[in-house]
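Working notes, structure below.
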There are 2 protein chains.
Amino acid sequence: MAKVVDTEHNDPRKNRILAALPAHDMERLLPELEFVPLPLGLTMSESGDHVDYLHFPTSGIVSLIYELEDGSSSETALVGNEGMVGISTFMGGESMPSSTVVQSVGSAFRLARKIIKQEFSKGGQMQQLSLLFTQALIAQTTQTAVCNAHHPLDQQLCRWLLMSVDRLHTNKLVVTQELIGSLLGVRRETVTGAASKLREEGLIDYARGNITVTDRPGLESKVCECYATVKEEYDRLLPHPRGTP
Amino acid sequence: MAKVVDTEHNDPRKNRILAALPAHDMERLLPELEFVPLPLGLTMSESGDHVDYLHFPTSGIVSLIYELEDGSSSETALVGNEGMVGISTFMGGESMPSSTVVQSVGSAFRLARKIIKQEFSKGGQMQQLSLLFTQALIAQTTQTAVCNAHHPLDQQLCRWLLMSVDRLHTNKLVVTQELIGSLLGVRRETVTGAASKLREEGLIDYARGNITVTDRPGLESKVCECYATVKEEYDRLLPHPRGTP
DNA sequence: ATCCTTAAGTGAGGTAGCGGACAGAGTGAA
DNA sequence: TTCACTCTGTCCGCTACCTCACTTAAGGAT
């Protein structure tokens, strides 16, 4: 029996970078694009690993995570179908100090490093899109850094929730407070405090690893500027989904 | 009378990126390179500014600074003669959300955006070096973010001091505690506390805007891992000064 | 049904950094 | 020499988050 393929997400054009490629570039790359599932919790690469593929998520969320020697960690950025994972494949460094983990289940298409380097060196649209995405990613990482330093956890949590639901097509997240803690660089108990505050305010609801955003506008009014700043920079730099200006 | 030019730093090859260019690339660019002083406190670009030049510092330090709406700010990275300032000129985004400020007096050569784009599109060594430096810069920014989140101020201060003296050729820094505070994202009083602790331990000495590192090995043994991690990544990715492997 | 594991809530006590206010102490200008 | 200004030191109460320890609750497996 042939394996049933998820027909929801096996169209490369669900990824916005791929969708923005001119038809002839896409034709050339299509045979090289390999569909891969992104199961929850999959570590796509660890710190310092030689990265062999550039991934273009079509759904789900991938977290870029930085781990310290003492075991503590922080999420530095979060990538969905608007971007790509594995920029060191074309930046030339081969590896990165951060690791990449699937934080919300999904799928992706991937290109072998050899292919993306070839394509990149042509200097076409793929090169331009890659660099623009990289710049957007820098903006996200930087803003996250400053947000960590200056904003209280409940606002950071709002930002994280909004960035996550933006990259899914639902208001339900499957994630424990423990995990959120390790992403935001705080303890689980601290997350419990912030989350229950948001619940009291009627912005979210949750139970045992399931969070539902019940009042998105409410979250948006509570979140710090960092959310909007990053979103605007992404809008400025990256191609928009079809139908949107 | 002809203006006296600082003969110390007007050699483009004092910048390590430029120094790593093949002779024929350098010849082509030489007439386009414009020498500019970097006086203390100069704001080279503000958040969102259209960036018209790519700067290659030959001396001094440039800080990449991120400002929040409430006026608080943080330094996200620090660039000396190992790198360049204004990567949005070749990344394609034209502007960045961070601003760039001369934190320690020096000088640079600069290339107009048009020229660097031209050179970049040739796909030669300049392209490769630019991308590698960008990746190193990402590493530095990311590590700074995690360091902010997890390490106490006195260790962060050690890191900042070491990164600064690494980019100068002296153990003396001209910088007030007030400024350090705005760079590390804390209050001046907090810096006073951390600095006086380091002074008690005999690692540094200071007075009225002048800091002297008196015990570098001592600082290195006190600093968090973040300093070494970034340094190693820079060593891995970037060309070394001549004479060093 | 019962047990077991995982997720979430709670509470006591500690600490780093904040906010604001104010006190010396160099330095340079008048 | 005096004044003004800038840089540094210090103190208070306060808050956010931490460490450590324990409890409650929801599913899942047997």
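Is it the case that B:Q125 is within 28 Å of B:P31 (Cα to Cα), within 14 Å of chain A (Cβ to nearest Cβ) and without any contact (Cβ under 8 Å) to a residue 40 or more places away in the chain? Taking the combined requirement at face value, the residue does not satisfy it. Which count do you get for residues in the stretch B:47-84 that are surrounded by fewer than 23 Cβ atoms within 10 Å (Cβ to Cβ), over 17 Å from B:V230 (Cβ atoms) and within 14 Å of the chain's Cα centre (by Cα)? Residues that pass the stated criteria total 2.
In summary, A:N81 fulfils each of the numbered conditions (1) within 9 Å of chain B (Cβ to nearest Cβ); (2) over 27 Å from A:R187 (Cα atoms) with the single exception of condition (1).
Just to verify a result, which residue in the stretch A:170-207, among those that are among the acidic types (D, E) and closer than 23 Å to A:Y66 by Cβ, is nearest to DNA strand D (Cβ to nearest atom)? Step through it out loud before you land on a result.
Of the residues in the stretch A:170-207, the ones among the acidic types (D, E) are A:178, A:189, A:200-201, A:205.
Still in the running and closer than 23 Å to A:Y66 by Cβ: A:178, A:189.
Numbers: A:E178: 12, A:E189: 5 Å.
It comes out as A:E189.
With respect to the conditions (1) without any contact (Cβ under 8 Å) to a residue 40 or more places away in the chain; (2) away from DNA strand C (no atom under 12 Å from the Cβ); (3) under 23 Å from the mean Cα position of the chain (by Cα), B:R216 lacks only one, and its number is (1). Would you confirm whether or not the stretch A:160-168 contains a residue that is over 24 Å from A:S107 (Cβ atoms) and touching a Lys or Arg at 6+ places or on another chain (Cβ under 9 Å)? No; the residues of the stretch A:160-168 include none that is over 24 Å from A:S107 (Cβ atoms) and touching a Lys or Arg at 6+ places or on another chain (Cβ under 9 Å). Scan the stretch A:152-159 and tell me whether some residue there is touching a Gly at 6+ places or on another chain (Cβ under 6 Å), under 30 Å from B:S95 (Cβ atoms) and modelled with pLDDT of 95 or more. Looking for residues that are touching a Gly at 6+ places or on another chain (Cβ under 6 Å), under 30 Å from B:S95 (Cβ atoms) and modelled with pLDDT of 95 or more, one finds none in the stretch A:152-159, hence no. Number of residues in the stretch B:136-167 that are away from DNA strand C (no atom under 13 Å from the Cβ), more than 16 Å from B:V101 (Cβ to Cβ) and away from every other protein chain (no Cβ under 14 Å) equals 4. Listed residues A:L42, A:L18; which is among the hydrophobic types (A, V, I, L, M, F, W, C) and either surrounded by 21 or more Cβ atoms within 10 Å (Cβ to Cβ) or more than 17 Å from the chain's Cα centre (by Cα) (or both)? Unique residue meeting the criteria: A:L18. Scanning the stretch A:91-105 for residues that are more than 9 Å from every other protein chain (Cβ to nearest Cβ) and at positive phi gives a single hit, A:E94.
Every residue in the stretch A:179-191 that is closer than 14 Å to A:Q103 by Cβ and either more than 19 Å from the chain's Cα centre (by Cα) or more than 10 Å from DNA strand C (Cβ to nearest atom) (or both), please. Walk me through how you get there before you give the answer.
First, the residues of the stretch A:179-191 that are closer than 14 Å to A:Q103 by Cβ: A:179-184.
Passing the criteria: A:S182, A:L183, A:L184.
Applying the condition of being within 14 Å of chain A (Cβ to nearest Cβ) and surrounded by 15 or more Cβ atoms within 10 Å (Cβ to Cβ) to the stretch B:212-230 and asking which residue is nearest to B:L21 (Cα to Cα) yields B:V230.
Every listed requirement among (1) more than 14 Å from every other protein chain (Cβ to nearest Cβ); (2) at pLDDT 95 or above; (3) away from DNA strand C (no atom under 12 Å from the Cβ) is met by B:D235 save one, (1).
The values are calculated or read from the model by the stated rules, or taken from the named source; none is laboratory data. On a predicted model such as this, the values are computed, not experimentally measured, just so you know. In this analysis, Cβ positions are derived from the backbone assuming ideal geometry, glycine residues included, and neighbour counts consider all displayed protein chains.
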